[in-house]
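S.K.: Here it is, the structure in full.
Readers should treat all values here as calculations from the given coordinates under stated rules, not as data from a laboratory. From a predicted model like this one, the values you see are computed outputs, not experimental measurements. Here Cβ is always computed from backbone atoms with ideal geometry, including for glycine, and neighbour counts include all displayed protein chains.
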Amino acid sequence: MSGPDEGLLAEQMAYYRAAAPEYDRQYARSEDLRTVLAEVEGLPIAGDVLELACGTGQWTARLAARARSVTAVDASAEVLAIARERTASPGVRFVQADVFEWRAPRRYDTVFFAFWLSHVPPARLPAFWDTVAAALAPGGRAVFVDDGPGAVAVEEVLADQPAPATMRRLADGSRYRVVKVFHDARGLTDDLAALGWSARIRSVAGKLVGVAQPPAATG
């Protein structure tokens, strides 16, 4: 990572490493998250799937149930250890790598990411979507889930940061800055259109659920 947001992204990575043991608690106590998890059944996920920022594997097993194979990538060894325990499918391969630096060595029918896009600094969005496009096979689609704009009400938003950011606290009282961009469906659709993507984004239980096709697939 390099650039003015490098320190912020390093702190974000440290947060997810430290948060691994308690990360899943939010899924246990949030009806909205459980509702969105169930949405996987209706999403166009098929063939060989690349999951970016897979975290503790909450989504990975569900993807594996519908895919021919899943390659799940995350920078944190701590969350990957939990994901491996959760996902016993032989069709799943885990890769430890920084999503901002890693490039797929092959192409996939589906690229999936959940609650990751909001952690990508706006200045890095074009490069991120280029990475996604390069990983997609002809006719492939990106499928994603993220917080909706209402999430700003429950986050501690920080000012004067190199990218939009919030403060996160862990059970031990430690504090970490993380990138947090509160996308809305219309604005994100327009941002993707400006990059040549065609996207359909809807709201489910206050979260955003999107399906997008890269420029080469829109003509």
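S.K.: Yes or no: the range 15-22 includes at least one residue that is in contact with a helix residue (DSSP H, G or I) (Cβ under 6 Å, 6 or more places away or on another chain), small (Gly, Ala, Ser) and in a helix (DSSP H, G or I).
M.R.: yes
S.K.: Could you identify the single residue in PRO90, PRO122, PRO126, PRO149 that is more than 23 Å from ARG186 (Cα to Cα), out of contact with any strand residue (DSSP E or B) (no Cβ under 6 Å at 6 or more places or on another chain) and surrounded by fewer than 18 Cβ atoms within 10 Å (Cβ to Cβ)?
M.R.: Numbers: PRO122 fails: more than 23 Å from ARG186 (Cα to Cα); PRO126 fails: more than 23 Å from ARG186 (Cα to Cα); PRO149 fails: more than 23 Å from ARG186 (Cα to Cα).
Criteria check complete, one pass: PRO90.
S.K.: Take the residues in the range 152-177 that are acidic (Asp, Glu) and closer than 24 Å to VAL36 by Cα, then tell me which one is surrounded by the most Cβ atoms within 10 Å (Cβ to Cβ).
M.R.: Kept after step one, since they are acidic (Asp, Glu), are these residues of the range 152-177: 155-156, 160, 172.
Right, trim to closer than 24 Å to VAL36 by Cα and you get 155-156.
Values: GLU155: 15, GLU156: 12.
Going through the qualifying residues, I end up with GLU155.
S.K.: Out of curiosity, is THR56 in a loop (DSSP other than H, G, I, E, B), among the β-branched types (Val, Ile, Thr) and without any contact (Cβ under 8 Å) to a residue 40 or more places away in the chain?
M.R.: Numbers: in a loop (DSSP other than H, G, I, E, B): yes; among the β-branched types (Val, Ile, Thr): yes; without any contact (Cβ under 8 Å) to a residue 40 or more places away in the chain: yes.
So THR56 passes the test.
S.K.: Is it true that THR35 is touching a strand residue (DSSP E or B) at 6+ places or on another chain (Cβ under 8 Å) and hydroxyl-bearing (Ser, Thr, Tyr)? Explain how you work it out, then say what you get.
M.R.: Numbers: touching a strand residue (DSSP E or B) at 6+ places or on another chain (Cβ under 8 Å): yes; hydroxyl-bearing (Ser, Thr, Tyr): yes.
Criteria met by THR35.
S.K.: Another question, then. Have a look at VAL157, VAL209 and point out the one that is in a strand (DSSP E or B) and either more than 19 Å from the chain's Cα centre (by Cα) or on the phi > 0 side of the Ramachandran plot (or both).
M.R.: Numbers: VAL209 fails: either more than 19 Å from the chain's Cα centre (by Cα) or on the phi > 0 side of the Ramachandran plot (or both).
Step by step, each of VAL157, VAL209 is checked, and only VAL157 is in a strand (DSSP E or B) and either more than 19 Å from the chain's Cα centre (by Cα) or on the phi > 0 side of the Ramachandran plot (or both).
S.K.: Just checking, how many residues over the range 182-206 are touching a residue at least 60 places away in the same chain (Cβ under 8 Å), assigned to a loop (DSSP other than H, G, I, E, B) and farther than 23 Å from VAL40 by Cα?
M.R.: Result for the range 182-206: 1.
S.K.: Follow-up question, since we're still on this one. Tally up the residues in the range 14-51 that are closer than 17 Å to ALA171 by Cα and under 15 Å from the mean Cα position of the chain (by Cα), please. Working first, answer last.
M.R.: Step one: of the range 14-51, the residues closer than 17 Å to ALA171 by Cα are 14-29.
Still in the list and also under 15 Å from the mean Cα position of the chain (by Cα): 16, 23.
The number of residues fulfilling the criteria is 2.
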